[in-house]
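Structure record follows, encoded as structure tokens.
The values are calculated or read from the model by the stated rules, or taken from the named source; none is laboratory data. Everything numeric here is computed off the predicted structure, so don't read it as measured data. Every residue, glycine among them, receives a Cβ derived from its backbone with ideal geometry; neighbour counts consider all protein chains shown.
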Amino acid sequence: MNNTHPNNQDIVQSMKESSLSVLVYSLTIVVVLLVSFMLYFPQALAIGSLDVSSLPKLNAFLNGSCSVLLMLGVFFIKNKKRQAHKTVMLSAFTLSVLFLLSYVLYHSQAPATHYGGEGIIKIIYFFILITHIILAACIVPLALFTLLRAWRSEFVRHKAIAKWTFPIWLYVTITGVIVYFMISPYYQVKP
């Protein structure tokens, strides 16, 4: 039987560059707007008494694990182990998606948490937090383009964008863990 439906890889391969860009930037806008909405309107989508108290710890674990996978991905590609590189990078992307879902779920259910530190530590916290937030928004299209370039076997373009994606993505995942440890004493929803 002839299957006339192209698979996902064929769809991505056949997309024009402009269509690919529209897809990536549309997804980026949706993600940024969703996260912004949850931050500005915490508990806006609260579902009864759903216990989300363990999610910040899970989010830190997902970020930390993603950091390790990103570093392994670079190690593997530098040692010409393409399949291992592909596996850990797809795993890092999957963990980042799971983090995003967990993050949105937490902020849709939990009250806003305000940092309670004082003095220089407060300045350091907000510097880390603000750079983390800005770069987290930037990493969405960078990670998507990097992944799609590899998927389309555009390895020269993949390598060119990955040189930007890797350090930014690594910074975002590491600072995500740091922010967790700095703000965790102030969570209103305790595990």
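So the values come out like this:
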item	result
Residue within the range 96-104 that is touching a residue at least 60 places away in the same chain (Cβ under 8 Å), closer than 19 Å to Ser65 by Cβ and of a type in the set (A, V, I, L, M) present	yes
Restricting the range 28-49 to residues that are surrounded by fewer than 12 Cβ atoms within 10 Å (Cβ to Cβ) and under 22 Å from Ile183 (Cα atoms), the residue that is modelled with the highest pLDDT	Tyr40
Pick from the range 1-27, criterion part of a loop (DSSP other than H, G, I, E, B) and modelled with pLDDT under 75, ranking: farthest from the chain's Cα centre (by Cα)	Met1
Subset of the range 52-73 that is surrounded by fewer than 21 Cβ atoms within 10 Å (Cβ to Cβ), touching a residue at least 60 places away in the same chain (Cβ under 8 Å) and not polar (S, T, N, Q) - its residue that is farthest from Val172 (Cα to Cα)	Val52
Any hit, the range 74-83, residues being under 18 Å from the mean Cα position of the chain (by Cα) and among the basic types (Lys, Arg)	no
Residue among Leu62, Leu50, Leu20, Leu33 that alone is over 19 Å from Tyr187 (Cα atoms) and in contact with a helix residue (DSSP H, G or I) (Cβ under 9 Å, 6 or more places away or on another chain)	Leu20
Test: residue in the range 102-124 that is crowded, with 18+ Cβ neighbours inside 10 Å, within 16 Å of the chain's Cα centre (by Cα) and under 23 Å from Ile161 (Cα atoms)	no
From the options Ser91, Ser96, Ser108, residue that is at pLDDT 95 or above, under 28 Å from Phe41 (Cα atoms) and not hydrophobic (A, V, I, L, M, F, W, C)	Ser96
The range 107-129, residues that are without any contact (Cβ under 8 Å) to a residue 60 or more places away in the chain and either touching a Lys or Arg at 6+ places or on another chain (Cβ under 9 Å) or within 24 Å of Leu69 (Cα to Cα) (or both)	Ile128, Leu129
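Let's see how each residue does on (1) without any contact (Cβ under 8 Å) to a residue 60 or more places away in the chain; (2) more than 30 Å from Asp51 (Cβ to Cβ):
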residue: Leu142; (1), (2): yes, yes
residue: Phe145; (1), (2): no, yes
residue: Leu148; (1), (2): no, yes
residue: Trp151; (1), (2): no, yes
residue: Val156; (1), (2): yes, yes
residue: Ala160; (1), (2): yes, yes
residue: Val177; (1), (2): no, no
residue: Phe181; (1), (2): no, no
residue: Tyr187; (1), (2): no, no
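Matching residues to (1) outside any loop (DSSP other than H, G, I, E, B); (2) under 22 Å from Val35 (Cβ atoms):
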residue	(1), (2)
Ser108	yes, yes
Glu118	no, no
Leu129	yes, yes
Ala143	yes, yes
Ile161	yes, no
Val172	yes, yes
Ile178	yes, yes
Ser184	yes, yes
